[in-house]
Amino acid sequence: MTGEPVLRVEHLVKHFPDGHGATVRAVDGVSFTLGAGESLGLVGESGCGKSTLARTVIRLLEPTSGRIVFRGVDITHASKRELRSVRRAMSIVFQDPYASLNPRMRAGEIIAQPLRIQGVWRSGGEERVAELLHTVGLNQQHASRFPHEFSTGQRQRIGIARALALDPELLILDEPVSALDVSIRAQIINLLDRLRTDIGLAYLFIAHDLAAVRQTCDRVAVMHLGTIVETGTREDIYRRPTHPYTQALLSSVPVTDPGLRGRRRRIRLTGELPSAIDPPSGCRFRTRCWKATAHCANETPALIDRNGHPSACFYPELASP
Ligand SMILES: Nc1ncnc2c1ncn2[C@@H]1O[C@H](COP(=O)(O)OP(=O)(O)OP(=O)(O)O)[C@@H](O)[C@H]1O
Ligand SMILES: [Mg+2]
């Protein structure tokens, strides 16, 4: 990574009112950076705040506090007008490809929409749409079809084509493959890998399991109940995980590396993800952690950097169960 990162997120917080006078701490103090052309995987269980983080970073949601710096510019409270240029350079592929595509618009119109909104639709726009369809492995005939006339994998490709329309520098991918079956999943991941090589895009790649981001990501951030508990290179996270939560997530990933086979035991997390309204005191993972002590209830472990591999645990060196 050279120079200023494309994206710098500092202590970002997004709280929601729950409708009954309480506060949902969906994102509760998240920091990370993303370099040009870099792919960062963001992984954690359902409900841990991944989509909220994604939507806040791209400013579809107003941050509660913290800072978002994109290409050196603070966009935390950027106005609608100021966000126009942000929307060209940073785009998002939404988690649910069906809900995020207007059912009454044809694929070609959906892909062209960002160009029209930004006022860059010119004659020759149809050619750009054809080019984008081709980029994502569809063809020009698909332009006249409606979303319901596509398979889920194809719909995801349309979402990706739309996100690429304005030549972004950063693409946020919110669980782009979770709704797909295994073979289509591999196709979309290969497509995303190819785009990154060809166009030099940076990715914030969201997934709920560590298997999905293994191929595509240079670095991984593990999120648990609104906070990041461990970050590191792909090597760090898959070979030397130090946070018990990462170890638990990793234990459910099929082992393909012969060197690791037999060394890893399946860790079953007991109990549900605690509530984001009333999170446990101290370490938020302690209620499900086999290493937890009284210390973990009394004090919140900070994300401490150990040789470029930060982990928010008081006992990162102890062996897993
Ligand atoms: N608009 C909202 N109002 C109130 N609470 C919300 C809102 N959006 C999200 N939440 C809550 O914030 C928390 C995080 O939700 P979010 O959708 O970000 O999780 P996620 O990690 O993306 O989960 P999944 O993997 O299921 O997509 C959840 O407790 C959710 O109920
Ligand atoms: Mg989500």
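The number of residues in the range 159-174 that are among the β-branched types (Val, Ile, Thr) and either more than 17 Å from LEU60 (Cβ to Cβ) or in contact with a His (Cβ under 8 Å, 6 or more places away or on another chain) (or both) comes to 1.
Within the range 146-163, residues that are without any contact (Cβ under 8 Å) to a residue 60 or more places away in the chain sit with their Cβ atoms under 9 Å from residues that are among the aromatic types (Phe, Trp, Tyr), at 6+ positions apart or across chains, in these pairs: PRO147/TYR98; HIS148/TYR98; THR152/TYR98; ARG155/TYR98; ARG157/PHE150.
A single entry from ILE75, ILE110 fulfils the requirement of being touching a residue at least 12 places away in the same chain (Cβ under 8 Å), buried (at least 17 other Cβ atoms within 10 Å of the Cβ) and under 21 Å from TYR203 (Cβ atoms): ILE75. Screening the range 172-288 for strands (runs of 3 or more DSSP E) wholly inside it with 1 or more residues that are hydroxyl-bearing (Ser, Thr, Tyr) and at pLDDT 90 or above returns the ranges 202-207, 227-233. One residue alone among ARG87, ARG71 is away from ligand 1 (no atom under 16 Å from the Cβ) and at negative phi, and that residue is ARG87.
The residues in the range 152-188 that are out of contact with any strand residue (DSSP E or B) (no Cβ under 6 Å at 6 or more places or on another chain) and within 16 Å of GLY108 (Cα to Cα) can be counted, and the count is 10.
Only residues that are basic (Lys, Arg) and not in a helix (DSSP H, G or I) were counted in the range 64-92, giving 2.
Here THR52 fulfils each of the conditions (1) in a loop (DSSP other than H, G, I, E, B); (2) modelled with pLDDT of 95 or more apart from (1). Of the residues SER39, SER46, the single one that is of a type in the set (Ser, Thr, Tyr) and modelled with pLDDT under 95 is SER46. Among the residues of the range 13-24, those identified as in contact with a strand residue (DSSP E or B) (Cβ under 8 Å, 6 or more places away or on another chain) and more than 16 Å from ligand 2 (Cβ to nearest atom) are VAL13, HIS15, PRO17, ASP18, THR23.
Contact map, the range 227-253: first residue under 15 Å from ILE267 (Cα atoms), second residue of a type in the set (Gly, Ala, Ser) and part of a helix (DSSP H, G or I), Cβ cut-off under 8 Å, separation 6 or more or different chains; pairs are VAL253/ALA211.
The values are calculated or read from the model by the stated rules, or taken from the named source; none is laboratory data. On a predicted model such as this, the values are computed, not experimentally measured, just so you know. Using ideal geometry, Cβ is built from the backbone for each residue, glycine included, and neighbour counts are taken over all protein chains shown.
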